[in-house]
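See structure below.
The values are calculated or read from the model by the stated rules, or taken from the named source; none is laboratory data. In this text the structure is predicted, and so the values were computed from the model without any measurement. No Cβ is skipped: glycine too gets one built from the backbone with ideal geometry, and neighbour counts run over all protein chains shown. The protein model used for the area step is the full one, side chains on, heavy atoms only, and it has no ligands, DNA or RNA in it. Shrake-Rupley method; radii C 1.70, N 1.55, O 1.52, S 1.80 Å.
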Amino acid sequence: GAVVSQHPSRVICKSGTSVKIECRSLDFQATTMFWYRQFPKQSLMLMATSNEGSKATYEQGVEKDKFLINHASLTLSTLTVTSAHPEDSSFYICSASKGAGGNTIYFGEGSWLTVV
Amino acid sequence: KQEVTQIPAALSVPEGENLVLNCSFTDSAIYNLQWFRQDPGKGLTSLLLIQSSQREQTSGRLNASLDKSSGRSTLYIAASQPGDSATYLCAVRPWGGSEKLVFGKGTKLTVNP
């Protein structure tokens, strides 16, 4: 079946540095991918919609200059957390849908980011 | 703005018990509703997806119902097993063509052997 893969699954970075998370659709093309963030004991919250070949659409309150999204191909979207701070430590997860109408949405394995 | 609430936040039951997890949403204009399972430190596994025109879906020991007019869904787990221990998330896809989902905070289920 369809698989969405995220890398890395866990990353620790120093405060002030940038970290990139990749989301790949392994056996299907995804014109749209979604990036979510989940803080402990909270809901998954949509951060942005990643559109292949165009700019991402960010949800209210999400800083587009801090969370850079690039969707350069139909199988890869990347999220870069720039100048990371401890409060950015969270679980980041992407999703992509397959097929017309996008009825089936597949999630990646998620990436745990810890900023120290 | 669509809001999704899940009750209870946590549930602990003995093995073999049947149980019900609840999900409510504020806007009935949904495209579908989906139940996911999330294991600690892991991604999401889709369990059941109910289209807005459907009232229930079944998969093995799981049965999910949808009452769109009242903004409610339930996930019924029969004969619970320790391996069912996980956090169960309810998510709605709003009507309108977007594939983005609105999630509840989840119910953390512990099935004790």
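Using unit Cβ charges (K, R positive; D, E negative) and no other charged atoms, how large, in debye to the nearest 20, is the dipole of the protein assembly as shown about its Cα centre?
160 debye
Test of understanding: extend the Cα→C-beta vector of A:Gln60 to 7 Å, then name every residue of the stretch B:86-113 with backbone N under 20 Å from that spot.
Counting only backbone N, you get B:92-105.
Can you figure out the FRET efficiency of B:Arg61 with A:Val3, using R₀ = 30 Å and their beta-carbon distance, to the nearest 0.05?
It comes to 0.75.
May I ask for the accessible area buried between chains B and A, both sides summed, probe 1.4 Å, to the nearest 100 Å²?
1600 Å²
Give me the accessible area per residue for the stretch A:50-116, probe 1.4 Å, as a whole number in Å².
Roughly 46 Å² per residue, with all protein chains present.
Which whole-Hz couplings ³J(HN,Hα) result when phi for each residue of the stretch A:22-28 is put into the Karplus expression 6.51 cos²θ - 1.76 cosθ + 1.60, θ = phi - 60°, listed in order with x for Gly and Pro?
Result, ordered by residue: 9, 10, 10, 8, 7, 9, 8 Hz.
With every protein chain left in place, what is the accessible area per residue of chain B in square angstrom, probe 1.4 Å? Display every interim value, and only then the final one.
Details: 5370 Å² over 113 residues.
Computed with neighbouring chains in place, this is 47 Å² per residue.
Compute the distance from the alpha-carbon center of the stretch B:6-24 to that of the stretch A:26-59, in whole Å.
Here the two parts' Cα centres lie 29 Å apart.
Please report the relative contact order for chain B, taking Cα pairs under 8 Å with a sequence separation of at least 6, and give it as a percent rounded to a whole number. Could the numbers behind the result be given before it?
Details: 295 pairs, mean separation 42.1, N = 113.
Relative contact order comes out at 37 percent.
Counting only protein heavy atoms and a 1.4 Å probe, tell me what percentage of chain B's accessible area is made up of carbon and sulfur.
49 percent
Work out the charge dipole of the protein assembly as shown with +1 on the Cβ of Lys and Arg and -1 on the Cβ of Asp and Glu about the Cα centre, then indicate which of B:Tyr76, B:Gln34, A:Met47 is farthest towards its positive end.
A:Met47
Counting only C-alpha contacts under 8 Å and six or more residues apart, can you give the relative contact order of chain A as a whole percent?
Worked out over chain A, it gives 36 percent.
To the nearest 10 Å², what's B:Glu17's accessible area with a 1.4 Å probe?
Roll a 1.4 Å probe over it and B:Glu17 shows about 80 Å².
³J(HN,Hα) across the stretch B:86-92 via Karplus (A = 6.51, B = -1.76, C = 1.60, θ = phi - 60°), whole Hz, x for Gly/Pro?
Couplings: 4, 9, 9, 10, 10, 9, 10 Hz.
Which stretch or stretches of the stretch B:1-30 have amide N atoms under 15 Å from the point lying 7 Å from A:Lys41's Cα along the Cα→Cβ direction?
Under cut-off, by backbone N: B:9-11.
Compute, for A:Ile105, the solvent-accessible surface of its heavy atoms (probe 1.4 Å) with the complete set of protein chains present, and express it in square angstrom to the nearest 10.
10 Å²
Kindly point out, ordered by number, any Cys in chain A whose beta-carbon has no other cysteine beta-carbon under 4.7 Å away.
Lacking a cysteine Cβ partner under 4.7 Å: A:Cys13.
Give me the residues in the stretch B:93-109 whose solvent-accessible area, probe 1.4 Å, is reduced by at least 30 Å² once all protein chains are included instead of the chain isolated.
B:Arg93, B:Glu99, B:Lys100, B:Leu101, B:Phe103, B:Lys105
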